[in-house]
1. Would you check if Ala108 is closer than 18 Å to Asp6 by Cβ and out of contact with any helix residue (DSSP H, G or I) (no Cβ under 8 Å at 6 or more places or on another chain)?
2. Output the number of the condition that Lys27 fails; it satisfies all remaining conditions of (1) of a type outside the set (A, V, I, L, M, F, W, C); (2) surrounded by fewer than 19 Cβ atoms within 10 Å (Cβ to Cβ); (3) free of Cβ contacts under 8 Å to residues at least 12 places away in the same chain; (4) in a helix (DSSP H, G or I).
3. Can you name the condition, by its number, that Glu52 falls short on among (1) acidic (Asp, Glu); (2) closer than 23 Å to Leu4 by Cα; (3) free of Cβ contacts under 8 Å to residues at least 60 places away in the same chain?
4. Give the residue, chosen from Ala57, Ala87, that is in contact with a Phe, Trp or Tyr (Cβ under 8 Å, 6 or more places away or on another chain) and aliphatic (A, V, I, L, M).
5. Tell me which of these Leu21 doesn't satisfy, since it passes every other one: (1) in a strand (DSSP E or B); (2) under 16 Å from Arg107 (Cβ atoms).
6. Checking Gly13 against (1) in a loop (DSSP other than H, G, I, E, B); (2) surrounded by 12 or more Cβ atoms within 10 Å (Cβ to Cβ); (3) not acidic (Asp, Glu), which test does it fail?
7. Sort out which residues of region 60-115 are in contact with a strand residue (DSSP E or B) (Cβ under 8 Å, 6 or more places away or on another chain), surrounded by 18 or more Cβ atoms within 10 Å (Cβ to Cβ) and in a helix (DSSP H, G or I), and write them in order of number.
8. Identify all residues within region 38-59 that are surrounded by fewer than 12 Cβ atoms within 10 Å (Cβ to Cβ) and over 22 Å from Thr11 (Cβ atoms); write none if there are none.
Amino acid sequence: MVDLSDIRAATDGLPRSYEVLVRDQVKFRVGQLVYLAVSRDERSMGIAFPKEERDAAIAAEPHKFFRPAPSDERFRWIQVHLDALDATELRELVLDAWAMCVPKKVRAEVFGDDR
């Protein structure tokens, strides 16, 4: 299981990423785009995720992934149970979510490729 300190460690040092507190909820942004939001009870998080892959991820691992609120279904977003993740998987999800929100040039600086 991962927690908020693990999430902070995973986001630490990502270019253009910063943490904000919005209505008692921790969120991570690039510019004004939120790429990760921790639930108020810190048991789950929402992350940027390709809409076209969301249903398959939920079907494949329902213990880990779940649908966002109906009002957020139009966005590229998925919810994740933190108790179903280890630190390595968290880092992968965070990097992928962050990469969706930064310019290609910034992604290439971190990944060394053109994701």
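Read the figures in this text as sums done on the coordinates, not as results from a lab. On a predicted model such as this, the values are computed, not experimentally measured, just so you know. All Cβ positions, glycine included, derive from the backbone under ideal geometry; neighbour counts span all protein chains shown.
1. For Ala108, the condition - closer than 18 Å to Asp6 by Cβ and out of contact with any helix residue (DSSP H, G or I) (no Cβ under 8 Å at 6 or more places or on another chain) - is not met.
2. Exception for Lys27: condition (4).
3. With respect to (1) acidic (Asp, Glu); (2) closer than 23 Å to Leu4 by Cα; (3) free of Cβ contacts under 8 Å to residues at least 60 places away in the same chain, Glu52 is out only on (2).
4. Only one candidate qualifies: Ala57.
5. Condition (2) is where Leu21 drops out.
6. Tallying (1) in a loop (DSSP other than H, G, I, E, B); (2) surrounded by 12 or more Cβ atoms within 10 Å (Cβ to Cβ); (3) not acidic (Asp, Glu), Gly13 fails exactly one: (2).
7. Result: Leu82, Leu93, Val94, Ala97, Trp98.
8. Of everything in region 38-59, those that are surrounded by fewer than 12 Cβ atoms within 10 Å (Cβ to Cβ) and over 22 Å from Thr11 (Cβ atoms) turn out to be Glu52, Ala56, Ala59.
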